[in-house]
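Here's the structure, in structure tokens; my notes come after.
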Amino acid sequence: MASEYLGYPHTFAEEPMSTEKMVELCKKHTLYTWSATDAVAPLPIARAEGVYLFTPEGQRILDFNSQLMSVLIGHAHPKVIAAMKHQLDELIFVYPQTATQVRARVGKLLAEVTPGDINTFFFTLGGAEANENAVKAARLYTGRQKILASYRSYHGGTNLTMGLTGDPRRWPNEPASPGIVHFMDPRPYDYSFGQSEEEITRNHLAYLEETILMEGPSTIAALIKETVTGTNGLLAPTQGWLRGVRALCDKYGILLILDEVMAGMGRTGKMYAFEHYDVIPDLVTLAKGLTSSYFPLGAVGLRDKIADHFRKNVFWGGLTYNSHPVGLATAEAVVRVMMDEGMIENAAKMGRVMRDEMDRLQKKHPSMAEGRNVGLFGMIDVRKNSKNEPLAPYNGAHPAMNALAKFFKDNGLFTFVRWASFTCNPPLCITEEQLREGFAIIDRGLEITDAAFEG
């Protein structure tokens, strides 16, 4: 087959494929994530613009999940595309031990927009690599090996980050890297015992300190946590919990890593989700919204004390594409667009509209258990009865949830339906009219799960 492409210029101007041929070849020659290939029914997409996707046949689909919670500024923003083209003309790639103008500018820009003394950044190609290198830095800095990570978390698909992850995707990938200790989230205490947020926080911090003591504080390098839990429930920390975790880490010399791959870069109505909770992590990880997924890029932000350590001691890590010029140019343009066009402020404003819509639907639909959001970071849970039992079990399915997913797809709404929940994470540029358009589709779809509600 390769011999057919020796005259390569003609391959760039082939006739457009039919949708059927495109799907056939994708399934024949590529693997799909988290799936058995034969079971995948790929969504054919020809182009995207703003908050909408378009199929080859011209169907318009409202992107209510920003793809993988990542296209934060919307699709095909002309200023970002122009910046990427400019960088392609200027400098495409050099190896990581060089200095470039775009690397200098982006490092300075991120230092300016990041709170506290997080002034130094290590660039990767995505969130998993960012979390992997944050752990590596923590272990090198402290001389310790263990990492505390929570259940109901997701930190990436590499061997190490899959081990850090606290959801069922970890199970088939075990055994994990050694030295990872999982702890329960604070939230399940709320469901089990009906306590106040203050009680949940106090009790959970006592449990977490006991875990630290049982594992040996001198063996623990870091605690890693999604600032706001993403795919595993859209769970914001209880009142005062992150400040308590920060205090525990300081007490025992443990570094705090906050994973903002999904929650960061304006998603919650602030540049960083941790700004809502009055803490500064020792390391913060970014990706997804950093380039709005226009180009692969991740980053680890380090506080000055950690960065200063690596000015005199070797950081034993490296990536061929560390500080890739095109990725950095994309990030620079995305951050500028986000700030210049008020998208972070819009996320906060539209978050209030989302809250109103969720409250409206909960009053109307008996099958809707709860809607949660921080800015434009949202999720809706679906229940099977008035006892608030989930319609689908943990790591399981239900015919009504499958039917709901099909309804969304058929009616032009792209979102993720998983177990007994579905996500509400549109791009930060969404208007009130577009947001309510999405919730109107959800409103009609919940009639399907209402029919399965047992009373």
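Each value in this text was obtained by applying a stated rule to the coordinates, not by laboratory testing. Here the structure is a predicted model, which is why all the values come from computation and not from measurement. All Cβ positions, glycine included, derive from the backbone under ideal geometry; neighbour counts span all protein chains shown.
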Original post:
Ratio of segment 396-455's C-alpha Rg to 2.2 N^0.38 Å, to two decimals?
Top reply: 1.16
Original post:
Do any chymotrypsin sites (Phe, Trp or Tyr not before Pro) in segment 351-455 lie in a DSSP loop with no more than 14 other beta carbon atoms within 10 Å, and if so, which?
Top reply: Tyr394
Original post:
Taking the mean number of other Cβ atoms within 10 Å as a proxy for protection, how do you rank 244-254, 122-132 from highest to lowest?
Top reply: 122-132, 244-254
**OP:** Would you mind listing how long the chain runs along its three principal axes, going by Cα atoms, in whole Å with the largest first?
**Re:** 65, 59, 43
**OP:** Please compute P(r) over all alpha-carbon pairs of segment 55-128, binned at 10 Å starting from zero, and give each bin as a whole-number percent.
**Re:** 13, 31, 38, 14, 4, 0
Subject >> Alpha-carbon gyration tensor eigenvalues x 5, square-rooted, for segment 191-294, Å >> reply: 25, 18, 11
Original post:
Per residue of the chain, what 222 nm ellipticity follows from adding -39500 (n - 2.57) for every DSSP H run with n ≥ 4, rounded to the nearest 500?
Top reply: -12500 deg cm²/dmol
Original post:
If you take the Cα Rg of segment 1-147 and divide it by 2.2 N^0.38 Å, with N the number of residues, what do you get?
Top reply: 1.42
Original post:
Under the Kirkwood approximation applied to all pairs of distinct alpha-carbon atoms, what is the hydrodynamic radius of segment 225-348 in Å?
Top reply: 15.8
Original post:
Using only the Cα atoms, what convex hull volume per residue in Å³ does segment 298-376 have?
Top reply: 185
**OP:** Please list the radius of gyration and Dmax for segment 261-307, considering alpha-carbon atoms only, with Å as the unit.
**Re:** 11.2, 32
Subject >> Segments 334-341, 360-367, 234-241, 293-300 sorted - mean Cβ within 10 Å per residue, highest first >> reply: 293-300, 234-241, 334-341, 360-367
Original post:
Where Rh denotes the Kirkwood radius from the mean inverse Cα pair distance, what is Rg over Rh for segment 320-359?
Top reply: 1.28
**OP:** Any chance you could list P(r) for segment 78-340, counting all Cα-Cα pairs in 5 angstrom bins from zero, rounded to whole %?
**Re:** 1, 6, 13, 18, 19, 17, 12, 7, 4, 2, 1, 0, 0
Subject >> Length-normalised contact order of the chain in % [C-alpha pairs under 8 Å, at least 6 apart] >> reply: 20
Original post:
Remind me, relative contact order of segment 213-350 in percent, using alpha carbon pairs under 8 angstrom and six or more residues apart?
Top reply: 22
